[in-house]
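This report concerns only the one structure given below.
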Amino acid sequence: MDLTPDSRSELLQLARSSLRAAVEGRELILTPPSATDLLQPAGCFVSLHERESHRLRGCIGRLEASGPLWQIVRETAANVLDDPRFVEQRVTVSDLPNLNIEVSVISPLAPTSSCTSFDLLNDGIYLTCGDRTGCFLPQVARETGWSREQLLDRLCTEKLGIDPRAWRRGDAKLMRFTTLIVGPEPV
(Lines give C-alpha, C1' and ligand atoms only; values in the text may rest on other atoms or scores of the structure.)
Protein backbone atom coordinates (compact mmCIF):
# COMPACT_ATOMS: atom_id res chain seq x y z
CA MET A 1 0.00 0.00 0.00
CA ASP A 2 1.20 3.48 -0.78
CA LEU A 3 -0.22 6.68 0.64
CA THR A 4 -0.25 10.17 -0.78
CA PRO A 5 1.58 12.86 1.21
CA ASP A 6 -1.80 14.32 2.24
CA SER A 7 -3.01 10.90 3.42
CA ARG A 8 0.20 10.37 5.42
CA SER A 9 -0.31 13.72 7.09
CA GLU A 10 -3.96 12.94 7.80
CA LEU A 11 -3.03 9.53 9.23
CA LEU A 12 -0.52 11.07 11.65
CA GLN A 13 -3.00 13.74 12.70
CA LEU A 14 -5.59 11.04 13.33
CA ALA A 15 -3.11 9.06 15.44
CA ARG A 16 -2.18 12.18 17.44
CA SER A 17 -5.82 13.14 18.06
CA SER A 18 -6.75 9.60 19.10
CA LEU A 19 -3.78 9.32 21.46
CA ARG A 20 -4.43 12.71 23.02
CA ALA A 21 -8.14 11.93 23.55
CA ALA A 22 -7.26 8.60 25.17
CA VAL A 23 -4.68 10.18 27.50
CA GLU A 24 -7.17 12.88 28.48
CA GLY A 25 -9.94 10.30 28.99
CA ARG A 26 -12.33 11.83 26.50
CA GLU A 27 -14.24 10.41 23.56
CA LEU A 28 -13.16 11.34 20.04
CA ILE A 29 -15.85 11.54 17.39
CA LEU A 30 -14.48 11.23 13.86
CA THR A 31 -15.97 10.97 10.42
CA PRO A 32 -14.41 8.73 7.76
CA PRO A 33 -11.85 10.53 5.60
CA SER A 34 -12.54 11.19 1.93
CA ALA A 35 -9.13 9.85 0.80
CA THR A 36 -9.75 6.40 -0.68
CA ASP A 37 -6.31 5.08 0.31
CA LEU A 38 -7.25 5.53 3.99
CA LEU A 39 -10.45 3.56 3.46
CA GLN A 40 -8.64 0.42 2.32
CA PRO A 41 -8.23 -2.42 4.82
CA ALA A 42 -4.79 -2.67 6.43
CA GLY A 43 -3.13 -3.61 9.67
CA CYS A 44 -0.89 -1.15 11.50
CA PHE A 45 1.26 -0.55 14.55
CA VAL A 46 1.51 2.72 16.45
CA SER A 47 4.77 3.38 18.29
CA LEU A 48 5.65 6.06 20.82
CA HIS A 49 9.26 7.04 21.53
CA GLU A 50 10.77 9.70 23.73
CA ARG A 51 12.16 12.39 21.44
CA GLU A 52 15.58 12.85 23.00
CA SER A 53 16.49 9.31 24.07
CA HIS A 54 14.38 7.39 21.50
CA ARG A 55 13.30 5.17 24.41
CA LEU A 56 10.17 3.18 23.59
CA ARG A 57 7.06 4.23 25.54
CA GLY A 58 4.52 2.03 23.78
CA CYS A 59 3.97 -0.04 20.66
CA ILE A 60 0.69 -1.77 19.87
CA GLY A 61 -0.72 -3.02 16.62
CA ARG A 62 -2.74 -5.38 14.51
CA LEU A 63 -1.27 -7.51 11.77
CA GLU A 64 -4.56 -8.38 10.14
CA ALA A 65 -6.43 -6.03 7.84
CA SER A 66 -9.63 -6.17 9.88
CA GLY A 67 -11.01 -2.79 8.87
CA PRO A 68 -10.30 0.47 7.07
CA LEU A 69 -6.81 1.82 7.75
CA TRP A 70 -8.04 5.09 9.27
CA GLN A 71 -10.22 3.23 11.78
CA ILE A 72 -7.48 0.76 12.74
CA VAL A 73 -5.05 3.66 13.29
CA ARG A 74 -7.61 5.47 15.45
CA GLU A 75 -8.16 2.40 17.65
CA THR A 76 -4.50 1.40 17.79
CA ALA A 77 -3.32 4.90 18.72
CA ALA A 78 -5.71 4.92 21.67
CA ASN A 79 -4.72 1.37 22.67
CA VAL A 80 -0.98 2.09 22.66
CA LEU A 81 -1.50 3.33 26.21
CA ASP A 82 -2.33 -0.25 27.20
CA ASP A 83 1.02 -1.74 26.13
CA PRO A 84 1.59 -4.17 29.02
CA ARG A 85 5.31 -3.38 29.11
CA PHE A 86 4.53 0.17 30.26
CA VAL A 87 1.61 -0.14 32.67
CA GLU A 88 3.84 1.12 35.48
CA GLN A 89 4.99 4.09 33.34
CA ARG A 90 1.79 5.03 31.52
CA VAL A 91 1.98 7.98 29.19
CA THR A 92 0.43 11.10 30.74
CA VAL A 93 -0.66 14.43 29.29
CA SER A 94 2.60 16.00 30.48
CA ASP A 95 4.60 13.34 28.55
CA LEU A 96 2.99 14.14 25.18
CA PRO A 97 5.18 17.14 24.21
CA ASN A 98 8.29 14.95 24.63
CA LEU A 99 7.07 12.06 22.47
CA ASN A 100 7.23 11.14 18.79
CA ILE A 101 4.53 9.04 17.19
CA GLU A 102 5.04 6.66 14.28
CA VAL A 103 2.54 4.59 12.30
CA SER A 104 3.68 1.41 10.54
CA VAL A 105 1.17 0.27 7.92
CA ILE A 106 1.43 -3.52 7.55
CA SER A 107 1.40 -5.46 4.27
CA PRO A 108 -0.41 -8.81 4.16
CA LEU A 109 1.51 -11.64 5.83
CA ALA A 110 3.46 -13.92 3.48
CA PRO A 111 4.70 -17.43 4.34
CA THR A 112 8.42 -18.22 4.31
CA SER A 113 10.17 -21.44 3.34
CA SER A 114 12.12 -21.47 6.62
CA CYS A 115 12.44 -19.39 9.76
CA THR A 116 15.54 -17.64 8.40
CA SER A 117 14.07 -16.88 4.95
CA PHE A 118 13.42 -13.18 5.35
CA ASP A 119 15.09 -9.89 4.45
CA LEU A 120 16.70 -8.86 7.73
CA LEU A 121 16.48 -5.11 7.14
CA ASN A 122 13.19 -4.82 5.27
CA ASP A 123 10.86 -7.56 6.54
CA GLY A 124 8.94 -7.71 9.76
CA ILE A 125 8.54 -11.21 11.17
CA TYR A 126 5.64 -13.05 12.78
CA LEU A 127 6.60 -16.30 14.50
CA THR A 128 4.35 -19.13 15.67
CA CYS A 129 5.76 -21.82 17.98
CA GLY A 130 3.07 -24.15 19.27
CA ASP A 131 0.38 -21.92 20.78
CA ARG A 132 2.69 -18.90 21.16
CA THR A 133 2.99 -16.05 18.66
CA GLY A 134 4.88 -12.79 18.42
CA CYS A 135 6.27 -10.30 15.97
CA PHE A 136 8.97 -7.72 15.44
CA LEU A 137 8.61 -4.80 13.08
CA PRO A 138 11.43 -4.36 10.51
CA GLN A 139 12.69 -1.38 12.54
CA VAL A 140 13.85 -3.71 15.32
CA ALA A 141 16.60 -5.34 13.23
CA ARG A 142 17.67 -1.99 11.79
CA GLU A 143 17.88 -0.33 15.20
CA THR A 144 19.56 -3.20 17.06
CA GLY A 145 21.90 -4.58 14.41
CA TRP A 146 20.97 -8.14 15.43
CA SER A 147 21.56 -11.03 13.03
CA ARG A 148 18.63 -13.19 11.84
CA GLU A 149 19.40 -15.76 14.53
CA GLN A 150 19.69 -13.12 17.27
CA LEU A 151 16.43 -11.54 16.15
CA LEU A 152 14.63 -14.90 16.27
CA ASP A 153 16.19 -15.78 19.64
CA ARG A 154 15.05 -12.45 21.12
CA LEU A 155 11.59 -12.77 19.55
CA CYS A 156 11.20 -16.13 21.30
CA THR A 157 12.23 -14.81 24.70
CA GLU A 158 10.80 -11.28 24.61
CA LYS A 159 7.51 -11.80 22.79
CA LEU A 160 6.68 -15.50 23.05
CA GLY A 161 8.15 -16.06 26.53
CA ILE A 162 9.82 -19.34 25.54
CA ASP A 163 13.28 -20.81 25.05
CA PRO A 164 15.38 -18.65 22.70
CA ARG A 165 16.06 -21.52 20.33
CA ALA A 166 12.43 -22.64 20.02
CA TRP A 167 12.28 -21.18 16.50
CA ARG A 168 14.53 -24.06 15.40
CA ARG A 169 11.84 -26.65 16.25
CA GLY A 170 9.92 -28.37 13.48
CA ASP A 171 6.58 -26.83 14.52
CA ALA A 172 7.86 -23.24 14.26
CA LYS A 173 6.38 -21.23 11.39
CA LEU A 174 7.47 -17.81 10.21
CA MET A 175 5.51 -15.28 8.20
CA ARG A 176 7.02 -12.06 6.90
CA PHE A 177 5.59 -8.64 6.12
CA THR A 178 6.72 -5.21 5.03
CA THR A 179 5.75 -1.84 6.43
CA LEU A 180 5.10 1.63 5.18
CA ILE A 181 6.38 3.92 7.92
CA VAL A 182 4.59 7.20 8.46
CA GLY A 183 6.49 9.52 10.79
CA PRO A 184 7.99 9.73 13.27
CA GLU A 185 6.70 13.16 14.15
CA PRO A 186 6.07 14.98 17.42
CA VAL A 187 2.83 14.15 19.16
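The values are calculated or read from the model by the stated rules, or taken from the named source; none is laboratory data. Small disclaimer: the values here were computed from a predicted structure and weren't measured. Note that we place each Cβ from the backbone using ideal geometry, even for glycine, and neighbour counts take in every protein chain shown.
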field: Residue pairs meeting the criteria (Cβ under 8 Å; at least 6 apart or on separate chains; first touching a residue at least 12 places away in the same chain (Cβ under 8 Å), in segment 137-152; second loosely packed, with under 12 Cβ neighbours inside 10 Å)
entry: 138/121; 141/121; 142/121
- request: Would you point out the residue of segment 115-131, among those that are in contact (Cβ under 8 Å) with a residue 24 or more places away in the chain and of a type in the set (D, E, K, R), that is surrounded by the most Cβ atoms within 10 Å (Cβ to Cβ)?
  value: 123
- request: Looking only at segment 4-15, decide whether some residue is surrounded by fewer than 18 Cβ atoms within 10 Å (Cβ to Cβ), among the charged types (D, E, K, R) and either in contact with a strand residue (DSSP E or B) (Cβ under 6 Å, 6 or more places away or on another chain) or in a loop (DSSP other than H, G, I, E, B) (or both).
  value: no
task: Tell me which residues, restricted to segment 18-54, are closer than 22 Å to residue 84 by Cα, over 15 Å from the mean Cα position of the chain (by Cα) and not acidic (Asp, Glu).
output: 18, 20, 21, 22, 23, 25, 26, 51, 53, 54
- request: Please work out if residue 18 is among the polar types (S, T, N, Q), assigned to a strand (DSSP E or B) and surrounded by 19 or more Cβ atoms within 10 Å (Cβ to Cβ).
  value: no
- prompt: Can you tell me which residues in segment 151-187 are within 20 Å of the chain's Cα centre (by Cα) and assigned to a helix (DSSP H, G or I)?
  reply: 151, 152, 153, 154, 155, 156, 157, 158, 159, 160
- request: Please work out if residue 31 is closer than 28 Å to residue 175 by Cβ and either in the same structural domain as residue 158 (by TED's automatic domain parsing) or without any contact (Cβ under 8 Å) to a residue 12 or more places away in the chain (or both).
  value: no
field: Residue match in segment 63-80 (condition: in a helix (DSSP H, G or I) and basic (Lys, Arg))
entry: yes
- prompt: Among the residues of segment 70-88, is there at least one that is touching a helix residue (DSSP H, G or I) at 6+ places or on another chain (Cβ under 7 Å) and surrounded by fewer than 16 Cβ atoms within 10 Å (Cβ to Cβ)?
  reply: no
